[in-house]
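Reading through the structure tokens given below for one structure.
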Amino acid sequence: MRKLHLGIQWQSVRLAVGISLGVVIMTTLPMFFYYHLDPMILLSSRWFGIPFFCILLIISLVIGVSAGHMFGYQHKKRLDQLVESILKFENGNFAYRLRL
């Protein structure tokens, strides 16, 4: 059975990839309907020998993974600081200050 990545950082990456793919789809579909274009243009037009549709997907995936990783890392770091402060508070260190 496959192990899923369930950490907050991976959840953030999955969310950002979904949002970036959704933005690409939601911007290209209305363009085709408005200008009455054939959707095969995305597959037939090539940049550097790669179909334009693949280039759009690769760019959106890179943006989604990098943005999700950055935001997820910040959330993970902040939650680690909160857990550390809670543990110090439980141990009786009431003078511990949180860094915001």
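For this structure, a couple of remarks:
- Largest accessible area first, the residues Val65, Val13 order themselves as Val65, Val13 under a 1.4 Å probe with ligands, DNA and RNA left out.
- Using alpha-carbon coordinates, inclination of helix 52-90 to the longest axis of the chain, degrees: 10 degrees
- Extension gain, Leu87 to Trp47: 0.36 nm times the residue separation minus the Cα-Cα distance gives 8.9 nm.
- Take the Kirkwood radius over Cα pairs of segment 16-100, plug it into Stokes-Einstein at 20 °C and 1.002 mPa s, and you get 130 µm²/s for translational diffusion.
- Mean-square fluctuations from a GNM of the chain, with a 10 angstrom spring cutoff on Cα atoms, peak among Phe71, Phe33, Phe53 at Phe33.
- Simple point charges give the picture: +1 on the Cβ of Lys and Arg, -1 on the Cβ of Asp and Glu, and for the chain a dipole about the Cα centre of about 360 debye.
- Based on DSSP H segments of at least four residues, each scored -39500 (n - 2.57), the chain has a per-residue ellipticity at 222 nm of -25000 deg cm²/dmol.
- With Cα atoms, 0 to 90° folded angle of helix 8-35 axis to the chain main axis: 20 degrees
- Given 10 as the ceiling on other Cβ atoms within 10 Å, longest exposed-site-free region of the chain for trypsin sites (Lys or Arg not before Pro) in DSSP loops: 4-96
The values are calculated or read from the model by the stated rules, or taken from the named source; none is laboratory data. Every value quoted in this text rests on a predicted model; they were computed, and no experiment measured them. FYI the Cβ positions are ideal-geometry reconstructions off the backbone, even for glycines, and counts take in every protein chain you see. Areas reflect the complete protein model, heavy atoms only, side chains present, ligands, DNA and RNA absent. Shrake-Rupley method; radii C 1.70, N 1.55, O 1.52, S 1.80 Å.
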